[in-house]
Amino acid sequence: MQDHIDAQLRAFIEPRFPGRSWADDDDIFALGFVDSMFAMEVVMFVERTFAVTVPNDELQMDNFRSVHSMAALVRRISAASQEGAVSA
């Protein structure tokens, strides 16, 4: 599942920066790929695509710096939501 999440995130981000090469663990903020509007687009994409709600306390730059950090966030939120559903 990790590869699938990473691939979807990359597919969303990559077209916005044609001709630029970068790796899934590169800091897209440091590379200058992200401004505040795009950051909000990424949050909305994550929530829609992976059917999660990013809690306010997870809206931190570190969670969105790279494809890998975003994928980790999705997995963490998904796992917490599944645990909550099982214990309910």
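Annotations
- Residue within the stretch 67-87 that is of a type in the set (Lys, Arg), surrounded by 10 or more Cβ atoms within 10 Å (Cβ to Cβ) and either modelled with pLDDT under 90 or part of a loop (DSSP other than H, G, I, E, B) (or both) present: no
- Candidate set: the stretch 30-46, residues that are modelled with pLDDT of 90 or more and surrounded by 14 or more Cβ atoms within 10 Å (Cβ to Cβ); chosen: the one farthest from the chain's Cα centre (by Cα): Glu41
- Subset of the stretch 1-24 (residues that are under 21 Å from Val74 (Cβ atoms), loosely packed, with under 11 Cβ neighbours inside 10 Å and of a type outside the set (A, V, I, L, M, F, W, C)): Asp3, His4, Pro15
The values are calculated or read from the model by the stated rules, or taken from the named source; none is laboratory data. Not measured: the values here are computed from a predicted model. With ideal geometry, Cβ positions are generated from the backbone for all residues, glycine too; neighbour counts draw on all protein chains shown.
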